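The structure appears right after this line, and notes come after that.
The values are calculated or read from the model by the stated rules, or taken from the named source; none is laboratory data. All of these numbers come straight from a predicted model, not from anything done at the bench. With ideal geometry, Cβ positions are generated from the backbone for all residues, glycine too; neighbour counts draw on all protein chains shown. Calculation scope for accessible area: heavy atoms of the full protein, side chains included, ligands and nucleic acids excluded. Shrake-Rupley method; radii C 1.70, N 1.55, O 1.52, S 1.80 Å.
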Amino acid sequence: MIEKFQQRFIEEAREHCDRLDQYLLELEQDVGNQANVDEIFRILHSLKGSGGMFGFHLLSEFTHELESVYQLIRDGKLDIDSRIVDFTLRCSDVLRNLLNPEISEDIKRVVNQLKGEANLVISEKAGKAPQVAASNDRSAPEETRENKTWYIFFQPDQGIFNNGTNPLYLVDELNTLGDCQVEADLSKVPLPDRLQVGKCYTFWRAVLTTDSPRTEIEDIFLFVRDNSKIEIIEVPESVIQGEDMLRKFLKEDPEKVAEQIRTLLEAPVSGAVLKETSDDNAPTTIRVDSGKIDEYMNLVSEMITAQSRLFSLAEARDDKELIALAEHFDKITHQMRDNAFDMSLIPLYSIVTRFRRLVRDLSSELHKEVRLELNGLETEVDKNVIEKLVSPMIHIIRNGVDHGIETPEERISKGKEPIGRILVSAGYAGNFVEIKVEDDGRGLDLDRIWQKAVEKGLLNETDPKDEEELLQIIFKAGFTTSGQLTDVSGRGTGLDAARKAIHDLRGVITVETRQGRGTSFTIRVPLTLSIIDGLLIRIHHDMYIIPLACVRKIYPLRDTHPQKGILQVEVFEGKQLPYLDLGEEFYGGSEYSSQQYLIAVNYKGELFGLAVDEIMREYQAVVKSVGKLAQNGHIFMGASILGDGRAALVLDVNTIIQKFVH
């Protein structure tokens, strides 16, 4: 059981590290933002407490040293500067490594080195006068703080043990803030025959005298406040009448304590209620393991396949009652599919911190000034898609900073702003999401690309400099125009790896460039990988599926006998529509249906036709991998099992057109 809680802690700790990077990068842009300082402190405080609870003692000790640095910042004794941000970002990387139970000696040496740096910062600043004027209790210098007495009521949710939290650790942490008297209330513990193992029936009252501000007391309960009743009430000095009064408070509930204080003061008391919950006010969100969502998605996929089988049986038997049942079942599976799909969606913004960190570190290393701008990253995508998008996007952004963006001096000489710009934007396009990464740098040198392509034997000297062909060459494995190998780039593997990763997602990547103005990469990937709405078609005797998001129109095609290898053109609605006869391309035979159909699909912003023998119906397809078959030619996105047990290949429309037309 403890291993399960440890794994949950590791997942949450990684999220904390991502948030730590996010607030650090924001703090670097706005050093006076006290809210970001407070969030960083709370993250470190949580990692320290939870790390020790789950056996990550080195992480807990290390975070304690870092927390001390940020306590100086909160107290106004230390200014935020680039040195502090750099130091904390390095610490964040180490914290991620410390989440590995098998910690190497190298990591331990780095930890000790960074702990030494933290202690050096503390020793340098501890004796100095504050550099920031105090405006509230939290930022008040330690020398001016006065002891205050607080009444604290803590009633945790009965299920607090379920997420691995031990409330005794929280109560014990109160003692680290000052003189603390604690009383445990066992009045709600049921008789043995009604006692449920794993539930917490105990709650606590405490009287704490400390010079720490209220916020430090609140921070102790930061990660249980949503599911607990917590009240913190300041006890004015005029109300404290010896030990007897304090002991009396330890026996009373917060409402009575507040009333007693009002009576004694003959005025309202200043109190702080962090969160109050009851059985009627349950939390609206829960944390679910991503593996369970994947399992749910797989079960929904199986239901869709079973529904297709049921529908086929109903049609074969021409049973109206069974057909009606199958249609009702179809509506239910559609709703379950949409529900499962929504559960698996997360915003693209969740991976932005890594890009900000990348741009910041590369800019510093390459002595450039680069600003990362974001637009539309609230767009949600399947979590499995997002995880596989990170690596290709990092390759593209790295290339943009290294090869695209010029140095400040070079930009000024070209009449540009000294600070370069990389824009990452996203939006929906049907059942797909489009992500664009563009820079305002020097652009791709097509002459240089052509020269390198000739040197590598990819082109002949007599070949024309076709821009579209040259832009595709940059994705070739090992191709690079860089004459120098660096730690950042120059091996010619980045864009090749990016295109492969995007193709594995059944997506496409395109590039546009303008000399001296910049380059943009557009990535188009499906919102989800497992279930799609498709159009079921027949070509000769086999069934295929075209993603419905690609389909624009369907036309009846005149009885023609096209020649293989020659692009056909038909006129519809007064416009010429080029098309491929898939039966001719796939099978090379001369067997045609009496009536073919032309499916107009979107290709590079224009309509392109695909001729098929029969349009069957719209079909909800559960897409499965086809392994090596998909790698040979790359024209299939996967396969789906039909209701009658046959397999239908899912066509990759863009790749088919590129393969047979170009």
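Observations on the structure shown:
- Residues that are among the hydrophobic types (A, V, I, L, M, F, W, C) and open to solvent by 30 Å² or more (accessible area, probe 1.4 Å) within segment 196-206 comprise just one, Val197.
- Count - residues of segment 19-37 that are of a type outside the set (S, T, N, Q) and buried (at least 17 other Cβ atoms within 10 Å of the Cβ): 8
- Pairs, first closer than 23 Å to Val300 by Cα and among the small types (Gly, Ala, Ser) in segment 338-361, second assigned to a helix (DSSP H, G or I) and open to solvent by less than 30 Å² (accessible area, probe 1.4 Å), C-beta under 7 Å, six or more apart: Ala340/Met297; Ala340/Val300; Ser344/Ile293; Ser344/Met297; Ser344/Lys383
- Yes/no for Ser530 being at pLDDT below 85 and of a type in the set (Ser, Thr, Tyr): yes
- Just one of the listed residues (Glu417, Glu438) is of a type in the set (D, E, K, R), surrounded by fewer than 16 Cβ atoms within 10 Å (Cβ to Cβ) and at pLDDT 90 or above, namely Glu417.
Rundown of residues vs (1) on the phi > 0 side of the Ramachandran plot; (2) open to solvent by less than 40 Å² (accessible area, probe 1.4 Å); (3) more than 42 Å from the chain's Cα centre (by Cα), yes/no style:
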position	(1), (2), (3)
Cys180	no, yes, no
Ala184	no, no, no
Arg194	no, no, yes
Ile230	no, yes, no
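- Just one of (1) under 17 Å from the mean Cα position of the chain (by Cα); (2) part of a helix (DSSP H, G or I) fails for Val401. It is (1).
The rows are residues; the columns are (1) part of a loop (DSSP other than H, G, I, E, B); (2) more than 25 Å from Leu348 (Cα to Cα); (3) open to solvent by 50 Å² or more (accessible area, probe 1.4 Å); (4) at pLDDT 85 or above.
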site: Ala426; (1), (2), (3), (4): no, no, no, yes
site: Leu444; (1), (2), (3), (4): yes, yes, no, yes
site: Ile449; (1), (2), (3), (4): no, yes, no, yes
site: Asn460; (1), (2), (3), (4): yes, yes, yes, no
site: Leu485; (1), (2), (3), (4): yes, yes, yes, no
site: Val488; (1), (2), (3), (4): yes, no, no, no
site: Gly492; (1), (2), (3), (4): yes, yes, no, no
site: Ala501; (1), (2), (3), (4): no, no, no, yes
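- If the condition is being in contact (Cβ under 8 Å) with a residue 24 or more places away in the chain and either assigned to a loop (DSSP other than H, G, I, E, B) or out of contact with any Lys or Arg (no Cβ under 6 Å at 6 or more places or on another chain) (or both), then segment 19-36 contributes Arg19, Leu20, Gln22, Leu24, Leu27, Glu28, Val31, Gln34.
- Test: residue in segment 309-324 that is in contact (Cβ under 8 Å) with a residue 24 or more places away in the chain, buried (at least 17 other Cβ atoms within 10 Å of the Cβ) and among the hydroxyl-bearing types (Ser, Thr, Tyr): no
- Filter pass, Gln181 being in contact with a Leu (Cβ under 7 Å, 6 or more places away or on another chain) and not charged (D, E, K, R): yes
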